[in-house]
1. First measure r as the distance between the Cβ atoms of residue 228 and residue 325, then evaluate 1/(1 + (r/R0)^6) with R0 = 45 Å and state the FRET efficiency to the nearest 0.05.
2. Mind checking the alpha-carbon convex hull of the stretch 605-713 and giving the volume per residue in Å³?
3. How would you rank 695, 331, 59, going from fewest to most other Cβ atoms within 10 Å of each one's own Cβ?
4. Using the eigenvalues of the Cα gyration tensor, what equivalent ellipsoid semi-axes result for the stretch 116-263 when each is taken as the square root of five times the eigenvalue, whole Å, largest first?
5. Tell me the relative contact order for the stretch 299-446 as a rounded percent, counting alpha carbon contacts under 8 Å between residues six or more apart.
6. Quote the FRET efficiency, to the nearest 0.05, computed for residue 617 versus residue 33 with a Förster distance R0 of 56 Å and r equal to the Cβ-Cβ distance.
7. Expressed as a fraction of 2.2 N^0.38 Å, the rule-of-thumb size for a compact globular protein of N residues, what is the C-alpha radius of gyration of the stretch 63-154?
8. Is the C-alpha gyration tensor of the stretch 616-664 telling us rounded, prolate or oblate? Criteria: a/c under 1.5 is rounded; beyond that, a/b larger than b/c is prolate, otherwise oblate.
């Protein structure tokens, strides 16, 4: 009875592969006569020991993993250093696993667990994707309304586009019509990431230019489209305006493209595209068939224009070349064939009724409802597919989508392991689950890194603070924190719209926080592994028998103090790059005493969240302040956001910003009781203006405080 109850309460009972299947997979390779063993770029110790028939201690020792007081530490060939407290989370590089396999009489082969990239093929059902880009107020949305035959502006808050609007349309041409998928992008400079995503997956870039003349944003869009190697079609809008000459705008555009080509910003002068620019009027609909014909001429027979490439950052031979071998790890139990369908995740949304909703555009194969998929480190099944616009409901569901179609899918239980820019791959159930588990283990390995260059991953992680991602904050040394402030930091005593005496994340304060721990870590790190394992407490008892122990300790403290003083004299930080967060060349030590403007942010889409973060970064540079996002994410404002704001209000002013999302009833009650300010905005410029006012007030307080101090002196 007890055993039956445990079986019912087993958390992994709904997983497609359990522990029994896992052991059976690793044991099946023992029947292989040849010595070949297939290993991924990063090998889990708990799998390797079963394949080599060794215990944990022997396998760890053979792979060069040191064990000190229950902590496992190991390195890779590129100088990275990892540390964890759980032996099941130890992933050693292929080189270390190959040495251990060779000692046991096996020949290791590096194999990539990622599926093969699909080949581009001619598909008559493929629909070209047209991205409409241009400067703000040049008529992009008006043109899309004219092409789609529906009103879009009235549904946009503030009558401005703040997200990628997707519509299927039937473009009129001179000889018929053309089915396309239109992507209307925002024109403001903050939405550069959104425009980059749209151009990356587009087959045609429709650059809209006003007859009044191009703007600086137009130049950046042309450069961005050229880098993605997307064919460009120019259209000169507002040709119906009086006293506007289309040829003058065309000549100005030709001169601008030629200057960019001479300076090396673009690969060609685009003379043909500029000469074929179509003069239209989105208001009257003039010359729209000519624009459709120009787009049809640029569409190639092979779609998509940019083929889907599944990156293999860690190398390895394809699975198709090593199919006969049975001795392989769990993640390599796959055919290695290309995915059934490959989609590009354009937006991520969290809803109250349907959970996480992904807006994807199919770039290969056919997306079918009920298929299993892997996106980033997450695994799921497509429960429903809906059109890319309108309300999500039971009516109007789509059963399948072909290349070029945009759909919204549900079935992802969590958004912690996926984000926009990721590829959604539909695979057989077991292959999708194995691949997601391997990616999750490698993502956890990245969180366990403490030294060396950052571990780059081909997938993204969505808007999570370091604490939620599993980063070991306590083990982070002073050198790792000296390259700049993290993007997401916890609240501190000096947060608020006031001047702070010292910042807890600044290099100087970090040095004085834990000098003894950092020094001891450096000393132990320089010792050989044999000395670490054989170290005991005999040296500690020496001080008990010494009469002058106080003098010795004082001398060592003076030496330690002199050592840190020497480090403080250096203006630049010569430490290795920071493994998490912003990395780059050594920078000047950040100025202390900057005011902190904490923000709790909730947004509707990932693209909106990214744009607001870019806006915060511009405000930081303008006012020399710090605007950390201490909490937030996607979806409605929840009680946890109010709790975080209440904690922040004890040290300053920390409101909750809700961008185009509702406030839950429980959260509103908590906010009223705890006197927490919740501000809702529908236009991004209004939200940034409110944060800018907070920055100005903080600067005014600092100046007033300095003036009072000068008067006292």
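1. According to the calculation, E is roughly 0.70.
2. On the way: hull volume 11.5 nm³, N = 109.
Per-residue hull volume (Cα only) is 105 Å³.
3. Values: 695 20, 331 28, 59 25.
Ascending Cβ contact count within 10 Å gives the list 695, 59, 331.
4. In descending order, the three semi-axes are 24, 20, 17 Å.
5. 28
6. My answer for the efficiency is 0.40.
7. Dividing the Cα Rg of the stretch 63-154 by 2.2 N^0.38 Å gives 2.21.
8. Note, shape of the stretch 616-664 comes out oblate.
Each value in this text was obtained by applying a stated rule to the coordinates, not by laboratory testing. Note that this is a predicted model, so its numbers are computed, not measured. Cβ atoms come from the backbone with ideal geometry, glycine included; neighbour counts cover every protein chain shown.
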